[in-house]
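The structure appears below as structure tokens.
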Amino acid sequence: MSELFQLEGLRFSYGSNPVLEIDAFKLEQGSITAITGANGSGKTTLLNLLALLQLPDSGTLYYRDQPVTVENRRTLGRQLAYVQQKPYLLNLSVRENIELGLRFRKVAVAMRQEKTSRVMQALGIGHLADRAARTLSGGEVQKVAIARALVTDPEVLILDEPFTHLDRTAVVFFETLIEHLRGEGGKTIIFTSHDLLAAQLLADDIYSM
């Protein structure tokens, strides 16, 4: 496997409060990586950096050997999909929420509908297609957010505490899905978790913060 992300001498602070100090970090393409640690340890901040939503105060973040900059991070970020711990859905139907990324990419209507239907079927949420997002349970919101991320076929899927709002049956389903996405889909998966057992079962590499 080749290196997908590299971090060198990375520092990040919120105001005068240092949050991350990472001298060296590498993440392989096609791997499943788990990041564990207590609340406030910087896990979500690291995901924000890896998702190219923020840039470090100092040091360098490389994606496919390219230093990430203000100028290129939006273009590079199109290869990434990030599902936050508390996903935000617009006050639209489930189908419309899932289609958003495709609409922004100006994908033709017929193709949008086909891709959206396919990902809803794969995640077992086809029956929710016409439901208003505001009526969904926490677990359903999580599934819709993951579907919205997957519909654009990203190279990297980044998940912040993906199992938090799911019952045990749904957790097992998503564990299987993550393994499938890496195995047959060839995707790189990065997730945070308080559940060390889940991390050990799924991940090729585990980093503690």
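The values are calculated or read from the model by the stated rules, or taken from the named source; none is laboratory data. As the structure is a computational prediction, the values presented were derived from the model and not from experiment. Here the Cβ positions follow ideal geometry from the backbone for every residue, glycine too, while neighbour counts run over all protein chains shown. Note: areas computed on protein heavy atoms with side chains; ligands, DNA, RNA excluded. Shrake-Rupley method; radii C 1.70, N 1.55, O 1.52, S 1.80 Å.
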Under 5 Å between amide hydrogens, which residues at least 5 positions from TYR82 or on another chain qualify, with H placed 1.01 Å from N in the peptide plane? ILE158
Rounded if a/c is under 1.5, else prolate if a/b beats b/c, else oblate: with a ≥ b ≥ c from the C-alpha gyration tensor eigenvalues square-rooted, which is region 50-133? prolate
Two-decimal log10 I(q)/I(0) for the chain, as the Debye equation yields it once each C-alpha is a single scatterer, q = 0.10, 0.14, 0.15 Å⁻¹: -0.43, -0.86, -0.98
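Of the accessible area of the chain, with the probe set at 1.4 angstrom, what percent is carbon plus sulfur? Mind dumping the intermediate values first?
Details: 5140 of 10570 Å².
The C+S portion of the solvent-accessible surface of the chain is 49 percent.
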What number comes out for the charge environment of THR152, summing +1 per Lys or Arg and -1 per Asp or Glu over other residues with Cβ under 9 Å away? +3
Give, as a single signed number, the net charge of other residues whose beta carbon lies under 10 Å from the beta carbon of THR44, with Lys and Arg counted +1 and Asp and Glu -1. -1
Can you tell which of LEU128, LEU52, LEU159 shows the greatest fluctuation in a Gaussian network model of the chain with Cα springs below 10 Å? LEU128
For region 109-209, evaluate the Debye formula with one uniform point scatterer on each Cα (no solvent term) and list log10 I(q)/I(0) at q = 0.16, 0.19, 0.22 Å⁻¹, rounded to two decimals. -0.72, -1.00, -1.30
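Could you list the trypsin sites (Lys or Arg not before Pro) in region 55-113 that lie in coil according to DSSP, counting only those with at most 15 other Cβ atoms within 10 Å of their Cβ? The partial results should precede the final answer.
Values: sites: ARG64, ARG73, ARG74, ARG78, ARG95, ARG103, ARG105, LYS106, ARG112; in loops: ARG64, ARG78, ARG105, LYS106.
Answer by residue number: ARG64, ARG78, ARG105, LYS106.
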With R₀ set to 45 angstrom, the calculated FRET efficiency between the beta-carbons of GLU114 and THR60, to the nearest 0.05, is 0.70
For the residue pair ARG105 and HIS194, what label-to-label distance in nm results when each label sits 7 Å from Cα along the Cα-to-beta-carbon direction? 3.4 nm
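Based on DSSP, what percent of beta bridges with both residues in the chain are antiparallel, to the nearest 5?
Values: 18 of 34 bridges.
The antiparallel proportion sits near 55 percent.
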Sticking with the crude label model, points 7 Å out along Cα→Cβ, report the distance from GLU3 to VAL19 in nm, one decimal please. 2.5 nm
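With every protein chain present, what is the per residue accessible area of region 14-68 (1.4 Å probe, Å²)?
On the way: 2490 Å² over 55 residues.
With all protein chains present, region 14-68 gives 45 Å² per residue.
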Using only Cα atoms, find the angle between the long axis of helix 94-104 and the longest principal axis of the chain, and express it within 0 to 90 degrees, rounded to the nearest 10. 60 degrees
Starting from the amide H of VAL19, placed 1.01 Å from N in the peptide plane, find each other amide H under 5 Å away whose residue is 5 or more places distant or on another chain. PHE12, SER13, TYR14
Solvent-accessible surface ranking, highest first, for LEU47, LEU53 at 1.4 angstrom: LEU53, LEU47
Name the most mobile residue of ALA170, ALA145, ALA199, meaning the one with the largest mean-square fluctuation, in a Gaussian network model of the chain with Cα contacts below 10 Å. ALA170
Of PHE191, PHE104, PHE173, PHE163, which has the most accessible area and how do the rest follow, probe 1.4 Å? PHE104, PHE173, PHE163, PHE191
Could you tell me how many degrees, from 0 to 90 and to the nearest 10, lie between the Cα long axis of helix 138-150 and the main elongation axis, the longest principal axis, of the Cα atoms of the chain? 80 degrees
Run the quick spin-label model on SER208 and GLU71: label points 7 Å from Cα toward the beta carbon, then report their separation in nm to one decimal. 4.2 nm
Which shape class applies to region 1-113: rounded if a/c is under 1.5, otherwise prolate when a/b exceeds b/c and oblate if not, where a ≥ b ≥ c are the square roots of the Cα gyration tensor eigenvalues? prolate
